[in-house]
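Written out below as C-alpha coordinates is the structure these notes cover.
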Amino acid sequence: MNKKYMFGFLFFALVAFATAGYLVNSFVIQTDVYEPFEVQYFIIGDGGNYESGLCSEVAEEDWITMQDNAVIDVGGLYAGESRKVCTKITNLGEGDVDYTFSGEVVSGLGNLAECQAAFGNPSVSGTVEGLDTIFDGAVINVAGDATPVEDCEVTLSITRG
(Lines give C-alpha, C1' and ligand atoms only; values in the text may rest on other atoms or scores of the structure.)
Protein backbone atom coordinates (compact mmCIF):
# COMPACT_ATOMS: atom_id res chain seq x y z
CA MET A 1 0.00 0.00 0.00
CA ASN A 2 2.80 2.42 0.84
CA LYS A 3 4.50 1.65 -2.51
CA LYS A 4 1.41 2.91 -4.35
CA TYR A 5 1.62 6.24 -2.57
CA MET A 6 5.37 6.40 -3.10
CA PHE A 7 5.09 5.70 -6.85
CA GLY A 8 2.28 8.26 -7.13
CA PHE A 9 4.36 10.87 -5.33
CA LEU A 10 7.43 10.03 -7.45
CA PHE A 11 5.36 10.41 -10.63
CA PHE A 12 4.14 13.91 -9.59
CA ALA A 13 7.65 14.91 -8.50
CA LEU A 14 9.08 13.88 -11.90
CA VAL A 15 6.34 15.76 -13.76
CA ALA A 16 6.97 18.85 -11.64
CA PHE A 17 10.75 18.58 -12.16
CA ALA A 18 10.36 18.12 -15.93
CA THR A 19 8.10 21.19 -16.30
CA ALA A 20 10.04 23.46 -13.92
CA GLY A 21 13.09 25.44 -15.02
CA TYR A 22 16.41 25.14 -13.29
CA LEU A 23 16.79 27.95 -10.75
CA VAL A 24 20.24 29.44 -11.04
CA ASN A 25 19.92 32.32 -8.59
CA SER A 26 17.31 34.51 -6.92
CA PHE A 27 17.06 37.31 -4.43
CA VAL A 28 14.38 39.43 -2.73
CA ILE A 29 14.25 43.18 -2.41
CA GLN A 30 12.50 44.85 0.47
CA THR A 31 11.37 48.44 0.14
CA ASP A 32 8.93 50.99 1.47
CA VAL A 33 6.62 53.32 -0.47
CA TYR A 34 6.79 56.94 0.68
CA GLU A 35 4.30 59.76 0.20
CA PRO A 36 5.80 61.95 -2.53
CA PHE A 37 3.64 65.02 -1.91
CA GLU A 38 4.23 67.72 0.62
CA VAL A 39 1.16 70.00 0.49
CA GLN A 40 0.65 73.48 1.90
CA TYR A 41 -2.26 75.90 1.59
CA PHE A 42 -3.01 79.62 1.56
CA ILE A 43 -6.33 81.44 1.12
CA ILE A 44 -6.35 84.63 -0.95
CA GLY A 45 -9.22 86.95 -0.17
CA ASP A 46 -9.56 85.80 3.44
CA GLY A 47 -11.42 88.65 5.13
CA GLY A 48 -12.34 90.17 1.76
CA ASN A 49 -13.31 89.22 -1.76
CA TYR A 50 -10.79 87.51 -4.05
CA GLU A 51 -10.14 89.74 -7.02
CA SER A 52 -6.67 88.80 -8.20
CA GLY A 53 -3.37 87.31 -7.15
CA LEU A 54 -1.28 84.36 -8.12
CA CYS A 55 -0.58 81.49 -5.79
CA SER A 56 3.09 81.64 -6.80
CA GLU A 57 3.30 85.17 -5.36
CA VAL A 58 2.45 84.08 -1.78
CA ALA A 59 5.41 84.58 0.58
CA GLU A 60 7.14 81.40 1.72
CA GLU A 61 6.38 82.04 5.41
CA ASP A 62 2.63 82.45 4.78
CA TRP A 63 2.00 78.88 3.56
CA ILE A 64 0.44 76.54 6.14
CA THR A 65 0.40 72.77 6.42
CA MET A 66 -3.01 71.39 7.37
CA GLN A 67 -3.75 68.27 9.36
CA ASP A 68 -6.24 65.85 7.82
CA ASN A 69 -9.86 66.90 8.41
CA ALA A 70 -8.88 70.29 9.89
CA VAL A 71 -11.60 72.95 9.70
CA ILE A 72 -10.85 76.60 8.88
CA ASP A 73 -13.72 79.01 9.49
CA VAL A 74 -13.38 81.77 6.88
CA GLY A 75 -16.37 83.61 8.26
CA GLY A 76 -19.31 84.49 6.11
CA LEU A 77 -19.29 85.12 2.40
CA TYR A 78 -21.86 87.19 0.60
CA ALA A 79 -23.51 86.03 -2.60
CA GLY A 80 -21.15 86.83 -5.47
CA GLU A 81 -17.99 86.78 -3.32
CA SER A 82 -15.16 84.31 -3.64
CA ARG A 83 -11.93 83.05 -2.10
CA LYS A 84 -9.01 81.49 -3.90
CA VAL A 85 -7.62 78.48 -2.09
CA CYS A 86 -4.02 78.04 -3.19
CA THR A 87 -2.05 74.82 -3.01
CA LYS A 88 1.70 74.43 -3.04
CA ILE A 89 2.55 70.84 -3.94
CA THR A 90 6.14 69.68 -3.68
CA ASN A 91 6.99 66.32 -5.22
CA LEU A 92 9.76 64.82 -3.06
CA GLY A 93 10.18 61.89 -5.45
CA GLU A 94 11.82 61.76 -8.84
CA GLY A 95 8.82 60.41 -10.77
CA ASP A 96 6.06 62.56 -12.29
CA VAL A 97 2.80 62.25 -10.34
CA ASP A 98 -0.71 63.38 -11.36
CA TYR A 99 -2.89 65.20 -8.83
CA THR A 100 -6.41 66.53 -8.47
CA PHE A 101 -7.31 69.38 -6.13
CA SER A 102 -11.05 69.26 -5.57
CA GLY A 103 -13.76 70.65 -3.39
CA GLU A 104 -16.94 68.93 -2.32
CA VAL A 105 -19.78 70.47 -0.35
CA VAL A 106 -20.44 67.97 2.43
CA SER A 107 -22.84 69.68 4.83
CA GLY A 108 -24.77 72.75 5.80
CA LEU A 109 -26.56 73.67 8.99
CA GLY A 110 -29.54 74.82 6.97
CA ASN A 111 -29.81 72.69 3.87
CA LEU A 112 -27.16 70.65 2.05
CA ALA A 113 -28.80 71.31 -1.32
CA GLU A 114 -28.66 75.08 -0.72
CA CYS A 115 -24.94 74.84 0.18
CA GLN A 116 -24.24 72.79 -2.94
CA ALA A 117 -26.10 75.32 -5.08
CA ALA A 118 -24.13 78.17 -3.50
CA PHE A 119 -20.64 76.69 -3.95
CA GLY A 120 -20.67 73.91 -6.54
CA ASN A 121 -17.75 71.49 -6.54
CA PRO A 122 -14.56 73.14 -7.87
CA SER A 123 -11.76 70.95 -9.23
CA VAL A 124 -8.35 71.40 -10.91
CA SER A 125 -5.91 68.73 -12.08
CA GLY A 126 -2.34 68.55 -13.25
CA THR A 127 1.02 66.81 -12.94
CA VAL A 128 3.89 67.55 -10.59
CA GLU A 129 7.17 66.58 -12.18
CA GLY A 130 9.80 64.82 -10.10
CA LEU A 131 11.63 66.98 -7.55
CA ASP A 132 9.50 69.99 -8.52
CA THR A 133 7.08 72.34 -6.76
CA ILE A 134 3.92 73.64 -8.40
CA PHE A 135 1.44 76.28 -7.34
CA ASP A 136 -2.22 75.79 -8.17
CA GLY A 137 -5.53 76.79 -6.74
CA ALA A 138 -9.27 76.73 -7.03
CA VAL A 139 -11.55 79.71 -6.76
CA ILE A 140 -14.43 79.06 -4.39
CA ASN A 141 -17.30 81.21 -5.67
CA VAL A 142 -20.61 81.88 -4.00
CA ALA A 143 -23.25 82.01 -6.70
CA GLY A 144 -24.88 85.39 -7.16
CA ASP A 145 -28.32 83.85 -6.68
CA ALA A 146 -27.35 81.79 -3.60
CA THR A 147 -29.91 81.43 -0.84
CA PRO A 148 -28.56 82.54 2.58
CA VAL A 149 -27.57 79.40 4.54
CA GLU A 150 -25.42 78.81 7.63
CA ASP A 151 -22.28 76.75 8.20
CA CYS A 152 -21.70 75.23 4.77
CA GLU A 153 -18.69 72.93 4.81
CA VAL A 154 -16.62 72.43 1.67
CA THR A 155 -14.04 69.65 1.95
CA LEU A 156 -10.93 70.49 -0.05
CA SER A 157 -8.58 67.65 -0.85
CA ILE A 158 -5.55 66.67 -2.87
CA THR A 159 -5.55 63.22 -4.43
CA ARG A 160 -2.70 61.79 -6.46
CA GLY A 161 -2.39 59.16 -9.09
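Among the residues of the range 85-103 satisfying the criterion of being part of a strand (DSSP E or B) and more than 13 Å from the chain's Cα centre (by Cα), which is farthest from D132 (Cα to Cα)?
Taking the range 85-103 as the starting set, the residues that turn out to be part of a strand (DSSP E or B) are 85-91, 97-103.
Keeping just the survivors that are more than 13 Å from the chain's Cα centre (by Cα) gives 85-86.
On the way: V85: 20, C86: 17 Å.
Checked the range 85-103; the qualifying residue farthest from D132 (Cα to Cα) is V85.
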> Do any residues in the range 126-142 that are over 16 Å from G80 (Cα atoms) have Cβ atoms under 7 Å from those of residues that are among the charged types (D, E, K, R) and surrounded by 14 or more Cβ atoms within 10 Å (Cβ to Cβ), where the two are at least six apart or on different chains, and which pairs are they?
Replying inline: G126/D136; T133/K88; F135/K88; G137/K84
> Can you tell me which residue in the range 97-106 is nearest to V154 (Cα to Cα), limited to those that are surrounded by 13 or more Cβ atoms within 10 Å (Cβ to Cβ) and in contact with an Asp or Glu (Cβ under 9 Å, 6 or more places away or on another chain)?
Replying inline: V105
> Restricting attention to the range 43-62, which residues are within 21 Å of G80 (Cα to Cα), of a type in the set (A, V, I, L, M, F, W, C) and part of a loop (DSSP other than H, G, I, E, B)?
Replying inline: L54
>> Take the residues in the range 117-156 that are exposed (fewer than 12 other Cβ atoms within 10 Å of the Cβ) and farther than 28 Å from S56 by Cβ; name whichever of them is nearest to the chain's Cα centre (by Cα).
In response: D151
>> Here is a check on your reading of the model: is G80 assigned to a loop (DSSP other than H, G, I, E, B), surrounded by 12 or more Cβ atoms within 10 Å (Cβ to Cβ) and either touching a Cys at 6+ places or on another chain (Cβ under 8 Å) or modelled with pLDDT of 95 or more (or both)?
In response: no
> Within the range 36-54, can you find the residues that are touching a residue at least 12 places away in the same chain (Cβ under 8 Å) and either among the charged types (D, E, K, R) or loosely packed, with under 12 Cβ neighbours inside 10 Å (or both)?
Replying inline: E38, D46, G47, L54
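The values are calculated or read from the model by the stated rules, or taken from the named source; none is laboratory data. The structure presented is a predicted model; accordingly, all values stated were derived computationally and were not measured. All Cβ positions, glycine included, derive from the backbone under ideal geometry; neighbour counts span all protein chains shown.
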